[in-house]
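Here is the structure we will look at, set down as structure tokens.
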Amino acid sequence: MTARQRILITGFEPFPGAPYNPTAPLVERLLQLRRPALDGVECAGHVFRVSYGAVDRDLPALLAAHAPSAMLMFGLAQRTPYLRVETRARNRVTRLWPDADHDATRRQAIEPDGPAHLAFGSHTQQLLQATRATGIAARLSHDAGRYLCNYLSWAAIAAARRQAPAPIVAFVHVPLVPRRATTSPRHAIGFEELVDAGEALLMTMVKLARSRALAATAG
């Protein structure tokens, strides 16, 4: 018997320039899933306000409250027509675009004395394969940007490394999908297809967490 797995699933609220963010309803749909593979799994969700202060405040509280085995994070990439499985977070933050609290940070680095980037880990390849198996276009990405998605990615990786056992963390950028079903060629991916991809990602994270727990028990 392995310990009960806890999975934290997160998205973001709308933000300046993006009045609709599909990651919030995606999180809601994933929390409603009822699958045999999820038996014995506790899934919790959170939608972050798009602000540096919200990430700094909410992430530590979420990790303390749920002690997740894995954390699956979603963000919006409006100009990308496919899913991007991020492989790393860069030690960079923009000074050009203010967040939802109108904070245009003056820092250029998240951690001034930190490394150039933090890697998510080799499991990103498995997440990519699971996503592509649903028929959705997906790629690995080495650049999570310099805005809140990258900032949250950095914070989550750094926090995971301070915990024992360390949770498995992943960040996936999703494209802007229509709120309603459409056959428009502008939208290669619809919301229901996005949910299918999200489910595949979630199941893979559960499998990874269980495998790690079994390995720890055997060791």
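Read the figures in this text as sums done on the coordinates, not as results from a lab. Quantities reported herein were computed from a predicted structural model and do not represent experimental measurements. Here the Cβ positions follow ideal geometry from the backbone for every residue, glycine too, while neighbour counts run over all protein chains shown.
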Whole-angstrom gap from the stretch 1-77 to the stretch 104-139, using each part's C-alpha centre: 16 Å
Loop trypsin sites (Lys or Arg not before Pro), the stretch 84-144 (other Cβ atoms within 10 Å of the site Cβ: 13 or fewer; DSSP): ARG95, ARG106, ARG107
Among beta bridges that DSSP assigns inside the stretch 5-218, antiparallel share in %, nearest 5: 20 percent
Column: log10 I(q)/I(0), Debye, Cα scatterers of the stretch 36-86, q = 0.15 Å⁻¹: -0.59
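So how do ASP58, ASP113 line up by other beta-carbon neighbours within 10 Å, fewest first? Provide the component values of the computation, followed by the final result.
Values: ASP58 17, ASP113 6.
Fewest-to-most Cβ neighbours within 10 Å comes out as ASP113, ASP58.
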Computed E for ALA215/ALA65 - FRET, C-beta separation, R0 30 angstrom, nearest 0.05: 0.70
Charge dipole magnitude, Cβ of K and R +1, D and E -1 - the chain, Cα centre, debye nearest 20: 340 debye
Taking N as its residue count, the alpha carbon Rg of the stretch 1-68 over 2.2 N^0.38 Å: 1.26
Sequence-separation-based contact order of the chain, relative, with Cα cut under 8 Å and 6+ spacing, percent: 28 percent
Stokes-Einstein D in µm²/s, Kirkwood radius over Cα pairs - the stretch 80-143 at 25 °C with 0.890 mPa s viscosity: 178 µm²/s
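Which shape class applies to the stretch 19-154: rounded if a/c is under 1.5, otherwise prolate when a/b exceeds b/c and oblate if not, where a ≥ b ≥ c are the square roots of the Cα gyration tensor eigenvalues?
Verdict is prolate for the stretch 19-154.
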Shape of the stretch 83-219, Cα gyration tensor, a/c cut at 1.5: oblate
Net lengthening on full extension, GLU111/ALA44 (0.36 nm per residue, minus Cα-Cα): 21.3 nm
